[in-house]
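The values are calculated or read from the model by the stated rules, or taken from the named source; none is laboratory data. Note that the coordinates shown come from a computational prediction; the quantities given were computed from them, not determined experimentally. Neighbour counts run over all protein chains shown; Cβ positions are idealised from the backbone, glycine included. The protein model used for the area step is the full one, side chains on, heavy atoms only, and it has no ligands, DNA or RNA in it. Shrake-Rupley method; radii C 1.70, N 1.55, O 1.52, S 1.80 Å.
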Amino acid sequence: MLKIRISSPRLQASTTRPASRVAIIGGGYTGAIIAKLLVERGFREIDEVTVFEPRDQLGCGLAYDAQNIDVRLNVAAHRMRAIPGAPTAFLDWLQTSGTLTVDPQAITPEGIFARRRDFGRFMQAQLAPFLDSGAIRHVRQAVRTVDRQNEQWRITGSSGDTILADILILATGHPPASRPAALDRLNPLTAARVSDVFAPNAFNGIGNSDPILIVGSGLTAIDALSRLNAIGHNGNVTLLSRTGLIPRPHAGGGFSPFGDFRSTELASARKLLAKVRATIADAQAQGIPWQSVFDALRQHAQELWQGLPTGERQKFLRRLRRFYDVHRYRMPPQGAAILELGLDTGRVRVERGDLTSIAQDGQSLLAAIETRNGSTEVRCRRILLATGPESRSYAIHQRFLLGMHRDGLIQSDPFGLGLACDTVGRTLTVTGAPNTSLFIAGPPARPALGELTGVPEIAAQAANMVDRIICCCARETRTIVISPSV
Ligand SMILES: Cc1cc2nc3c(=O)[nH]c(=O)nc-3n(C[C@H](O)[C@H](O)[C@H](O)COP(=O)(O)OP(=O)(O)OC[C@H]3O[C@@H](n4cnc5c(N)ncnc54)[C@H](O)[C@@H]3O)c2cc1C
């Protein structure tokens with residue numbers, strides 16, 4: 001018997017251009033892992049993979065481009081399942097690359113908590129062979145415009161380079177931090193003493209004993225504390241946030257996730273909360289830390305989110321999210337030790353309230369804060385913004401996104417988490433139909449999946465998306481079977 005495979009007429013006809021060119025906007029962890037998987041899994045179907053990313057390296061993005069050595073991953077290395085199909089790849093690399101030898105402080109009783117920039121180096125090593133071979137092309141430009149022309153995407157970068165693509169993936173990650181209204185009308189002198197912690201010179205010129213106000217009390221604020229500690233700062237630090245909640249520490253002891261959250265009955269925020277409380281009580285009765293319950297909850301968080309009706313999702317975001325976040329996004333042990341020492345000695349304090357204004361008073365800044373019990377003031381020399389990304393206006397936070405939004409290609413989601421899409425990441429048109437050539441990857445796709453911030457969840461979404469794209473691009477083939485006559 002003889003089998004002959006013939007490519008479809010559609011693809012035979014397209015001799016002037018490759019059949020499937022994929023462009024990715026954003027080359028942080030998300031864009032990089034998608035590019036790698038497209039090349040590895042789709043070498044037959046995908047002809048070009050181009051990543052627009054203004055940073056020098058792919059795979060780092062906002063989180064892992066830290067030149068600074070004092071900020072660490074919030075997750076133990078064995079849980080950073082960054083490479084689909086190779087869950088221990090990062091842990092193995094830490095050992096074989098000698099990184100743990102030069103950074104023995106990464107090893108703690110709670111696990112290995114490596115430096116964030118080392119994760120960036122790991123991702124660079126993953127991408128290097130594909131960049132060297134030309135299988136992935138890195139265009140070091142920010143995208144300025146995206147248009148739809150003749151069923152193709154036309155993408156133009158900041159230097160005017162334009163490429164055409166059949167499939168476009170938006171992996172633009174975290175939007176800038178939200179800015180309290182009190183910062184809107186500062187005079188230039190005052191404004192110069194207020195910096196976003198991600199700004200390159202945010203910590204320059206801070207004196208050792210300068211009192212500091214950090215706006216925000218989440219993981220970014222803990223990073224800021226670690227960086228202050230590293231530059232020898234020993235002055236007072238106030239962490240200010242509306243909730244006054246701070247991230248919880250990790251547990252030692254290597255416990256496995258505890259609890260089963262798969263039940264379809266957990267379709268309301270109230271039932272979910274009751275189930276979490278009951279499971280924590282069960283765990284504690286058996287000497288298992290509450291962290292294990294949140295680890296189990298995280299494993300099922302996407303299913304749970306999808307099972308919640310819209311009103312219940314909104315209730316969760318309004319009432320429970322802040323508590324979920326501080327238990328789910330835990331601080332690395334090294335940061336926890338710095339915070340604990342600061343709180344114990346009274347050098348660090350946490351204030352609950354709203355920043356309402358900032359005034360200059362001689363060499364100091366006076367920050368006015370509205371609290372539950374009235375108002376108070378914090379005197380400081382510098383203000384560091386660690387408020388976390390503002391996702392509510394994601395669809396309009398960049399010029400090219402605004403253009404796509406105006407053209408009806410992308411839409412904001414009703415929860416203010418990112419962009420409207422389905423669980424594979426396909427964008428939804430105004431009619432709710434999925435667009436099979438325009439995808440959203442990573443954190444801005446949270447509206448569909450709920451939990452999509454950490455590396456393991458992004459890796460899983462990337463793998464699903466790539467498989468879907470490859471499946472759609474697969475050359476249609478006909479198999480003719482010629483049987484010998486009998
Ligand atoms: C400070 C911080 C620490 C974190 N730590 C951890 C951790 O320890 N463990 C964990 O699992 N998760 C962590 N996360 C969660 C994080 O969401 C993911 O791990 C992951 O980094 C998200 O990557 P991303 O590529 O989607 O986004 P980003 O890292 O934000 O990258 C987006 C990229 O898109 C590029 N871009 C944006 N606009 C354009 C444009 N117009 N044209 C071209 N390029 C563009 C940007 O330059 C950027 O490099 C952390 C997040 C932050 C912010």
Quiz prompt | Number of the exception - PHE439 against (1) more than 30 Å from ALA77 (Cα to Cα); (2) modelled with pLDDT of 95 or more; (3) among the aromatic types (Phe, Trp, Tyr) | solution = (1)
Quiz item: Given (1) open to solvent by 40 Å² or more (accessible area, probe 1.4 Å); (2) modelled with pLDDT of 95 or more; (3) outside the structural domain of ILE369 (by TED's automatic domain parsing), where does ASN229 come up short, assuming only one miss?
Solution: (3)
Quiz item: Taking LEU189, is it open to solvent by 30 Å² or more (accessible area, probe 1.4 Å) and over 29 Å from GLU457 (Cα atoms)?
Solution: yes
Practice problem: Would you mind stating whether LEU183 is among the hydrophobic types (A, V, I, L, M, F, W, C) and modelled with pLDDT of 95 or more? | Solution: no
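Rundown of residues vs (1) without any contact (Cβ under 8 Å) to a residue 24 or more places away in the chain; (2) assigned by TED's automatic domain parsing to the domain that holds VAL455; (3) within 20 Å of ALA23 (Cβ to Cβ); (4) within 16 Å of the ligand (Cβ to nearest atom), yes/no style:
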| residue | (1), (2), (3), (4) |
| --- | --- |
| ALA128 | yes, yes, no, no |
| LEU131 | no, yes, yes, yes |
| GLN141 | no, yes, yes, yes |
| THR145 | no, yes, yes, yes |
| ARG148 | no, yes, yes, no |
| ARG154 | yes, yes, yes, yes |
| ASP161 | yes, yes, yes, yes |
| LEU164 | no, yes, yes, no |
Self-check item: Residues of the stretch 289-298 classified as open to solvent by less than 20 Å² (accessible area, probe 1.4 Å) and out of contact with any helix residue (DSSP H, G or I) (no Cβ under 7 Å at 6 or more places or on another chain), total
Solution: 2
Quiz item: Can you pull out the residues in the stretch 389-400 that are more than 26 Å from GLN149 (Cα to Cα) and crowded, with 21+ Cβ neighbours inside 10 Å?
Solution: SER391
Quiz item: Could you say which residue among GLY342, GLY416, GLY403, GLY408 is at positive phi and either surrounded by 13 or more Cβ atoms within 10 Å (Cβ to Cβ) or not assigned by TED's automatic domain parsing to the domain that holds GLU451 (or both)?
Solution: GLY416
Exercise. Quickly run through the stretch 32-80 and pick out the residues that are away from the ligand (no atom under 14 Å from the Cβ), open to solvent by 20 Å² or more (accessible area, probe 1.4 Å) and not in a loop (DSSP other than H, G, I, E, B).
Key: VAL39, GLU40, ARG41, GLU48
Quiz item: So, of the residues in the stretch 81-109 that are open to solvent by less than 70 Å² (accessible area, probe 1.4 Å) and among the small types (Gly, Ala, Ser), which turns out to be nearest to the ligand (Cβ to nearest atom)?
Solution: ALA82
Quiz prompt | In the stretch 212-228, the residues that are more than 18 Å from ARG115 (Cβ to Cβ) and within 12 Å of the ligand (Cβ to nearest atom) | solution = GLY216, GLY218, ALA221
Quiz item: Does GLU351 satisfy the condition of being outside any helix (DSSP H, G or I) and over 15 Å from LEU273 (Cβ atoms)?
Solution: yes
Practice problem: Count, please, the residues in the stretch 422-442 that happen to be open to solvent by 10 Å² or more (accessible area, probe 1.4 Å) and at negative phi. | Solution: 13
Exercise. Being surrounded by fewer than 21 Cβ atoms within 10 Å (Cβ to Cβ) and part of a helix (DSSP H, G or I) narrows it down to one of ALA202, ALA182, so name that one.
Key: ALA182
Exercise. Could you grab the pairs with beta carbons closer than 9 Å, sequence gap of 6+ or different chains, first residue in the stretch 252-280 and within 25 Å of VAL75 (Cβ to Cβ) and without any contact (Cβ under 8 Å) to a residue 12 or more places away in the chain, second one among the hydrophobic types (A, V, I, L, M, F, W, C) and open to solvent by 50 Å² or more (accessible area, probe 1.4 Å)?
Key: none
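Residues are listed down the side, and each one gets a yes or a no for (1) in the same structural domain as GLY342 (by TED's automatic domain parsing); (2) under 29 Å from ALA337 (Cα atoms); (3) open to solvent by less than 40 Å² (accessible area, probe 1.4 Å):
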position	(1), (2), (3)
SER241	yes, yes, yes
ARG262	no, no, no
VAL276	no, yes, yes
THR279	no, yes, yes
ALA283	no, yes, yes
HIS300	no, no, yes
GLY307	no, no, no
LEU320	no, yes, yes
